[in-house]
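Here's the structure, in structure tokens; my notes come after.
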Amino acid sequence: MLAIKGAVAVITGGSGGIGMALARYWLDHGGRVVLADISEEALLKVQAVLGGETAVFMCDVTKEGDNSRLADFVIEKFGQINLVAPFAGIFRDCLLVSPDRETGRVVRKMALEDFKKVIDINLTGVFLTVRECLERMINNKNKGLICLASSTGSLGTAGQINYSATKAAMSVFPKVIAAELFRRGLGGQIRCVAVAPGYCDTPMARSMNPKAFEKILENVPIGRLIGADEVASLVGELYRNEALTGDVYFIHGGLRLGSKG
Ligand SMILES: NC(=O)c1ccc[n+]([C@@H]2O[C@H](COP(=O)([O-])OP(=O)(O)OC[C@H]3O[C@@H](n4cnc5c(N)ncnc54)[C@H](O)[C@@H]3O)[C@@H](O)[C@H]2O)c1
């Protein structure tokens, strides 16, 4: 089992709900944290709240240079990388095509910009952050975990063709990355998994349409949103338990998709 004490976590989307909860969990267990996000103001606020061995770094995950500088910064600051949690993510929901209920004619389409923006951050951004951090982990002979953020959206949610596609990608990344590391004899040193949360109590979920939000809770057997701290605790266990790699771990309170069972 790996110990979190002294271990260094890099978290993108670090001022967001799940990112910040993971940082808090990591610090509470004696770890050190680098939080990366796009707003300096938000990062500094989070750093002041968390305290402890927390460093912050401005990084737009869609930019190759930002990711490379982030990975270098972590090594310069703390000398190692043990957990990579590329949790920066957005959604831009819309039906692919929306026919008018009365005329039957299409009155709206998902904008290309909204499709591309989600792909850029949730998919290309993760690719860049993981690639740059993994390079430093291998070159520095660090042991640890890459933990991606998939979602129950990966199973296919209406209105989320962009988001669901990126989260489905996050459920295949662990298999590819674990297999590639295995090929080079590094499968035990660096593992890769994804967590797939259902609806969590974070600003992202709270920004949803209230009606859609109520409907969602009707299908969650535990009758509430998942706490960001509960997702953080799962990530902590995935880090500690060295038998876990190459797979996706759902945390959704028993969410029934399309049926109440
Ligand atoms: N909240 C949920 O219900 C839920 C469920 C399943 C999966 N997830 C996934 O978990 C992850 C974290 O979600 P959250 O709920 O904490 O979201 P959040 O909106 O609270 O935080 C996301 C963070 O990403 C940052 N970000 C956006 N674009 C960025 C960019 N280009 N570069 C760097 N940072 C950027 C935002 O500033 C924000 O701080 C996301 O990948 C999300 O898709 C969330």
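Since every read-out is calculated from the coordinates, none of them should be taken as a lab result. Bear in mind the structure is a predicted one, so any value in this text is a computation, not a measurement. Quick reminder, even Gly has a Cβ in these numbers, built from the backbone with ideal geometry, and neighbours come from all protein chains shown.
If you take all other residues with their beta carbon under 14 Å from the beta carbon of Ser15, and give Lys and Arg +1 and Asp and Glu -1, the sum is -2.
Per residue, the convex hull spanned by the Cα atoms of the chain measures out at 136 cubic angstrom. Listed by number, the DSSP H helices of the chain that run 24 Å or longer by alpha-carbon position along their axis and have mean Kyte hydropathy of at least 0.5 are 161-183.
With a cut-off of 8 Å between alpha carbons and a minimum separation of six or more residues, what is the relative contact order of the chain in percent? It comes to 20 percent, rounded to a whole number.
Annotation: peptides 95-108, 30-43, ranked by per-residue average of other Cβ atoms within 10 Å with the highest first, follow the order 30-43, 95-108.
When peptides 222-229, 156-163 are sorted by average Cβ neighbour count within 10 Å, with the highest value leading, the order is 156-163, 222-229. Pairs with C-alpha atoms separated by more than 20 Å, drawn from the list Lys117/Lys175; Lys5/Lys143; Lys45/Lys117; Lys117/Lys215, are Lys117/Lys175; Lys45/Lys117; Lys117/Lys215. The helix-based estimate of mean residue ellipticity at 222 nm for the chain, built from -39,500 (n - 2.57) per DSSP H run of four or more residues and divided by its residue count, is -13000 deg cm²/dmol to the nearest 500. Quick check on segment 105-245: take the gyration tensor over C-alpha atoms, sort the square-rooted eigenvalues as a ≥ b ≥ c, and tell me if it's rounded (a/c under 1.5), prolate or oblate. Oblate, since a/c reaches 1.5 and b/c is not below a/b.
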